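Engineer: Pasting a structure below so you can have a look.
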Amino acid sequence: METAVIVNRAHFAALIMFHYIFPALTMGLSVMIAVFKSLHYFRKDERYGRAARFWSKIFLLNFGAGVATGVPMEFQFGTNWARFSTIAGGVVGPGLMMEGVYAFFLESTFLGIVLFGEKRVSPFVHWLSAVLLAFGTLLSGFFITVTDAFMQHPVSAAYRATPDHRLVLTDLGAYLTNPYELWMYLHTISGSLITGAMVVAAVGAFYALSRKHAEFSRICLKSGVIVGLIFSAFAAFPTGAKNGEQVVTTNLAKLAAMEGQFKTEHGAPLALIGMPDVPRGALLDPIYVPKLLSYLAYGDAGAAVRGINEIPKSDMPPVEVTYYAYHIMIGLGMAFIAILGIGLLLLLAGRLQTSRWFLWLLLLAWPFPYIANEAGWCVAEVGRQPWLVYGLLRTSAGYSTNVSSGEVVFTLIGFMGLYFVLGVLFLILVGKTISQGPEQEAAQ
Amino acid sequence: MTTLWYSMLGCMLIAFAVLDGLNLGAGAMHLILGRGNDERRTHFAAVGPLWWGYEVWLLAAGGSMVSAFPILYAKSFSGFYLVLTLVLWMLIIRGSSIEFRQQVDNDLWRGFWDVCYCISSALLAILFGAAVGNVIRGVPFNSNMDFTGSFALALNPYAVLVGVLSLVYLSMHGSLFIALKTAFEEHRVRALKAAGILYAMVVVLIVLTTAASFPSRHGLGANFIHHPILLLLPIITITGIIGIGCSLKAKNPLSGLAASAMALAGLMGSAGASLYPAILPKLGQASGGLTVYNTSAPQADLMLAAVLNLVGVVIVIGYSTYVHKVFGGKVNIHEEGPAY
């Protein structure tokens, strides 16, 4: 690979992966806050009002860091991927514009009211603002993933190519209803809700273990476990499975890389674990479930699955990253279902707040949904390589030719330094907010 | 159609300048105007609940540029790569200082973020101004219609002049905003006095910049001669400038802000109108470079995106007006509940 491709990809990967730490929580937490706010408003239950206020403070820090790291993303298509913008800007542009105009304005405007306006507006408007905040956040996710869906699967009904090889949007409806989008979006949202729920549950577990804020801790544990379990299940089925079907119908190279399937064979087995050895073209030390891959991919245990060895090298994504990221995501997803399933049983038995071993497990589990989210996006994006827009535009034809690799490396180092400091400050301030705890119940 | 888009993009950038100008101006004047923690906190509390919405105008303008003029977006941002990266870093630091300053009760912590807020805001004001200056002056495209915009190129004397105008203008804008929002009498008087001094500088700088613009770009006045209706824009500017002067005399920051917003819109509008149809001209030449014709997305796209954009912006203006009403009035930093 050329140096320029590597440094520009590294630049984008570093910036987007750091950025996504924040939206992963923002989308899930905004829904959790809207739920707390609804319970507060409709049941007139002040405990949920306090929960909403506490989580809004964390949300503010998270949203602030998300905006700070998100602005560079909006401009990165122009700075580092000028040829991509020139060719595909006419298609992906309207989606990005609508994200700004329809979604991002909504969330940033109503966040002010949710955070600082409770005493200035009626309870109804405050509740409505929390709902609009969640709606704006989810809508924002939709417009961003729809852009990615086009890059994964450029539906032919949505665009045409001009004589000078640029892409033009011909049907916005077809663009927004890309079959790739629906399941990928719902899968993304599930990942985010799992993150939000498990972070809420972890803070609840922390307070329960510290024997502080008993009432607040109970609310966090209960809502975290229930919401988390629902969406862990939803992430696996149907959204994860349907998302996989889309890969099977659109990108067989990605499928082979994800599964570590080297040989083309009928009745292909599913590798649960194993290490891909690309130069030798084999999966080392695998544990297989016979015929399962063929069945999952095509609904037929005897169907042929195309292997990495049959696909031209120039069309293959990096196998190792795609394979490991996919297996990490799946493994963690299963672990979340197991942990939260135990949590639900303990909740039903009324022992959730007293089972200290389980509270420790929940507390230590909070980083893992982040890892699963990032791994999932690695599968989607690294697995799409060597294409920017699958089948239409290669990554090597998309970066800015008038920016030198040295400049890209320089700004990458700068961003990493700035982001490191930002990340440390973010963790310290969130830790401080958590150690301060929710406002006391003495007011009542 | 491209003309409509050109004006819409201009209007979005004007909205960004007028609204985020409040924040940038208050930031640039932060250390000078704010004495003591209560006054400085007022600055943050004034923009705190609203500033994300202001910054979104920049993002929305960026998104609109990809939709309508993808080639402009690609060429200009990659051309001014390092300068744009600096802008992004400053935006990150500016945002962090607003969010982080109130989080820790410690004078050193606050002092650190006060300086970050001031420097990043001032630099952003200069860089945004310099960007406008470079758009008017043009950039040295090669035969491939690419250019490499080093700092030396980006910060040429003319662009720096426009950058300084932008800094001084937004500082005045921000001072008026602080005078409007603060609950402390001394603070208000100081902000108005600063606005008066900055106003005098603005008048001088506008005359200088206008005089320097015509040698920098050949044929800059042609559009005004062919379409005299465009002369309304400079007239709006002059009316606005006079309006600021009258408001300052009457010590009325609200009408001063309105006049300042009007003059800023007039100024940016005039710059846009004098360039059209060029959008990023070629340095030292009357023609060539990027125009609305050779950078735009094909017509079908433009129509649809324009309708979507207009509808969206109307909705945004509706609810953000409401939110501004909610947070209207003087800032009370002793208000109960979460605040900056």
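The values are calculated or read from the model by the stated rules, or taken from the named source; none is laboratory data. Owing to the predicted nature of the structure, the values given are computational and were not obtained by experimental measurement. With ideal geometry, Cβ positions are generated from the backbone for all residues, glycine too; neighbour counts draw on all protein chains shown.
Engineer: What are the residues in segment A:143-160 that are in contact (Cβ under 8 Å) with a residue 40 or more places away in the chain and not acidic (Asp, Glu), if any?
Structural biologist: Result: A:PHE143, A:ILE144, A:THR145, A:VAL146, A:THR147, A:PHE150, A:MET151, A:GLN152, A:HIS153, A:PRO154, A:ALA158, A:TYR159.
Engineer: Please report, ordered by residue number, the helices (runs of 4 or more DSSP H) entirely within segment B:233-340 with at least 1 residues that are at pLDDT 85 or above and surrounded by 20 or more Cβ atoms within 10 Å (Cβ to Cβ).
Structural biologist: Qualifying helices (runs of 4 or more DSSP H): B:253-275, B:299-326.
Engineer: Let me ask you something else. I'd like to check something: does segment A:70-87 contain any residue that is out of contact with any Phe, Trp or Tyr (no Cβ under 8 Å at 6 or more places or on another chain), more than 28 Å from A:LEU427 (Cα to Cα), assigned by TED's automatic domain parsing to the domain that holds A:ALA380 and buried (at least 22 other Cβ atoms within 10 Å of the Cβ)?
Structural biologist: yes
Engineer: Tally the residues that are within 8 Å of chain A (Cβ to nearest Cβ) and either in contact (Cβ under 8 Å) with a residue 12 or more places away in the chain or among the polar types (S, T, N, Q) (or both), restricting the search to segment B:99-125.
Structural biologist: The total comes to 2.
Engineer: Under 8 Å between Cβ atoms, at least 6 apart or on separate chains: pull out the pairs that start in segment A:312-324 with a residue that is on the phi > 0 side of the Ramachandran plot and end on any residue that is of a type in the set (A, V, I, L, M) and surrounded by fewer than 16 Cβ atoms within 10 Å (Cβ to Cβ).
Structural biologist: Filtered contacts from segment A:312-324: no entries.
Engineer: Is there a residue being in a helix (DSSP H, G or I), touching a strand residue (DSSP E or B) at 6+ places or on another chain (Cβ under 8 Å) and either within 11 Å of chain A (Cβ to nearest Cβ) or closer than 27 Å to A:LEU61 by Cβ (or both) anywhere in segment B:38-61?
Structural biologist: Within segment B:38-61 (the criterion being in a helix (DSSP H, G or I), touching a strand residue (DSSP E or B) at 6+ places or on another chain (Cβ under 8 Å) and either within 11 Å of chain A (Cβ to nearest Cβ) or closer than 27 Å to A:LEU61 by Cβ (or both)), the answer is no, since none of the residues qualifies.
Engineer: All but one of (1) under 30 Å from B:ASN309 (Cα atoms); (2) buried (at least 24 other Cβ atoms within 10 Å of the Cβ) hold for B:MET29, so report the exception by its number.
Structural biologist: The number of the failed condition is (1).
Engineer: Ok, one more. Does segment A:355-363 contain any residue that is within 15 Å of A:PHE231 (Cβ to Cβ) and either free of Cβ contacts under 8 Å to residues at least 60 places away in the same chain or in the same structural domain as A:LEU388 (by TED's automatic domain parsing) (or both)?
Structural biologist: no
Engineer: When you look at A:LYS57, is it closer than 28 Å to A:LEU128 by Cβ and more than 14 Å from chain B (Cβ to nearest Cβ), yes or no?
Structural biologist: The answer is no for A:LYS57.
Engineer: Filter segment A:109-125 down to the residues that are surrounded by 21 or more Cβ atoms within 10 Å (Cβ to Cβ) and more than 8 Å from chain B (Cβ to nearest Cβ) and list them by number.
Structural biologist: Across segment A:109-125, the qualifying residue is only A:VAL114.
Engineer: Being surrounded by fewer than 20 Cβ atoms within 10 Å (Cβ to Cβ), touching a Phe, Trp or Tyr at 6+ places or on another chain (Cβ under 7 Å) and more than 12 Å from chain B (Cβ to nearest Cβ) is the requirement here; does A:LEU347 meet it?
Structural biologist: Spelling it out, it is not the case that A:LEU347 is surrounded by fewer than 20 Cβ atoms within 10 Å (Cβ to Cβ), touching a Phe, Trp or Tyr at 6+ places or on another chain (Cβ under 7 Å) and more than 12 Å from chain B (Cβ to nearest Cβ).
Engineer: Filter segment A:383-415 down to the residues that are in contact with a Pro (Cβ under 8 Å, 6 or more places away or on another chain) and away from every other protein chain (no Cβ under 13 Å) and list them by number.
Structural biologist: Scanning segment A:383-415 gives A:GLY383, A:ARG384, A:GLN385, A:PRO386, A:VAL389, A:TYR390, A:GLY391, A:LEU392, A:ARG394, A:THR395, A:SER396.
Engineer: So how many residues does segment A:244-292 have that are under 24 Å from the mean Cα position of the chain (by Cα) and not assigned by TED's automatic domain parsing to the domain that holds A:VAL379?
Structural biologist: 2
Engineer: Further question on the same structure: Does any residue of segment B:70-77 turn out to be under 30 Å from B:TYR319 (Cα atoms), of a type in the set (Ser, Thr, Tyr) and surrounded by fewer than 24 Cβ atoms within 10 Å (Cβ to Cβ)?
Structural biologist: Within segment B:70-77 (the criterion being under 30 Å from B:TYR319 (Cα atoms), of a type in the set (Ser, Thr, Tyr) and surrounded by fewer than 24 Cβ atoms within 10 Å (Cβ to Cβ)), the answer is no, since none of the residues qualifies.
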